[in-house]
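Worksheet: one structure, shown below.
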């Protein structure tokens with residue numbers, strides 16, 4: 001490990017993974033089904049990268065820190081075309097002409113939700129994601145209806161991806177040591193998704209959960225542009241009582257009625 005980077009790692013909320021066995025285990029969960037390209041987000045010192053480059057696939061790295069890019073280029077002899085100096089939240093797959101690919105990463109705690117929403121933005125291209133997040137965020141993603149952590153992120157991630165909790169990671173395998181535990185999960189794009197307007201789904205879910213104590217017939221009044229609005233199923237329930245699939249069905253009904 002390179003101590004030079006640890007002094008300033010918190011500027012990007014970076015906690016560097018130092019356990020090779022954990023890194024191998026994370027990379028091993030990539031299925032390479034229906035894709036051959038992998039994009040690693042925030043490779044840091046390359047703990048995951050070293051095992052990605054050993055696979056017979058195309059790998060791209062997206063890193064925001066110039067010093068880390070210099071370090072990675074020298075360590076792995078990576079070409080300029082394979083490592084992108086950019087904030088992932090501002091990245092568009094079109095920049096690399098990518099259509100089907102997977103994402104992997106040890107994601108910064110402070111922007112993990114934003115990363116997930118960016119993945120949702122391009123979900124039609126992102127076939128799979130293997131990621132390490134703060135454990136509390138993972139709990140939110142996998143929560144089911146009526147559970148305490150169930151909310152906007154739960155519904156939207158479950159609407160488009162099959163999600164599997166893989167394993168918990170102790171804070172001792174990071175430098176510096178974070179105050180929280182981490183967990184690794186895998187997202188696999190669903191093959192059968194109820195077709196509906198994605199922007200309308202986002203708006204519907206966010207509006208419903210922002211007034212989660214109200215029944216949907218009240219919280220979703222902004223969609224009441226048709227006398228048949230009240231005939232839509234699920235409106236007598238609250239947001240936390242609907243599964244991701246039911247939210248898709250609800251959105252489809254709203255789309256038809258308005």
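For segment 189-199, the condition of being free of Cβ contacts under 8 Å to residues at least 40 places away in the same chain, in contact with a helix residue (DSSP H, G or I) (Cβ under 7 Å, 6 or more places away or on another chain) and within 29 Å of residue 101 (Cβ to Cβ) holds for at least one residue. Going through (1) surrounded by 15 or more Cβ atoms within 10 Å (Cβ to Cβ); (2) touching a residue at least 40 places away in the same chain (Cβ under 8 Å); (3) not in a loop (DSSP other than H, G, I, E, B) one by one, residue 110 falls short only on (1).
Residues considered: 137, 155. Of these, the only one that is under 30 Å from residue 36 (Cβ atoms) and at pLDDT 95 or above is 137.
Matching residues to (1) part of a loop (DSSP other than H, G, I, E, B); (2) surrounded by 21 or more Cβ atoms within 10 Å (Cβ to Cβ); (3) modelled with pLDDT of 95 or more; (4) out of contact with any helix residue (DSSP H, G or I) (no Cβ under 8 Å at 6 or more places or on another chain):
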position: 40; (1), (2), (3), (4): no, yes, yes, no
position: 55; (1), (2), (3), (4): yes, no, no, no
position: 72; (1), (2), (3), (4): no, yes, yes, no
position: 81; (1), (2), (3), (4): yes, no, no, yes
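Screening segment 141-161 for residues that are over 13 Å from residue 187 (Cα atoms) and surrounded by 22 or more Cβ atoms within 10 Å (Cβ to Cβ) and picking the one that is nearest to the chain's Cα centre (by Cα) gives 155. Working only within segment 189-233, note down all residues that are over 17 Å from residue 123 (Cα atoms) and exposed (fewer than 14 other Cβ atoms within 10 Å of the Cβ). If the condition is that a residue be over 17 Å from residue 123 (Cα atoms) and exposed (fewer than 14 other Cβ atoms within 10 Å of the Cβ), then 210, 213, 218, 221, 222, 225, 226, 227, 228, 230, 231, 233 are the ones that fit. Here segment 220-248 is the region considered, the condition is being modelled with pLDDT of 95 or more and in a helix (DSSP H, G or I), and the residue that is nearest to residue 149 (Cα to Cα) is 240. With the structure loaded, tell me whether residue 68 is assigned by TED's automatic domain parsing to the domain that holds residue 95, surrounded by 15 or more Cβ atoms within 10 Å (Cβ to Cβ) and over 24 Å from residue 114 (Cα atoms) or whether it fails that test. For residue 68, the condition - assigned by TED's automatic domain parsing to the domain that holds residue 95, surrounded by 15 or more Cβ atoms within 10 Å (Cβ to Cβ) and over 24 Å from residue 114 (Cα atoms) - is not met.
The values are calculated or read from the model by the stated rules, or taken from the named source; none is laboratory data. This is a predicted model, so every value here is computed, not measured. Neighbour counts run over all protein chains shown; Cβ positions are idealised from the backbone, glycine included.
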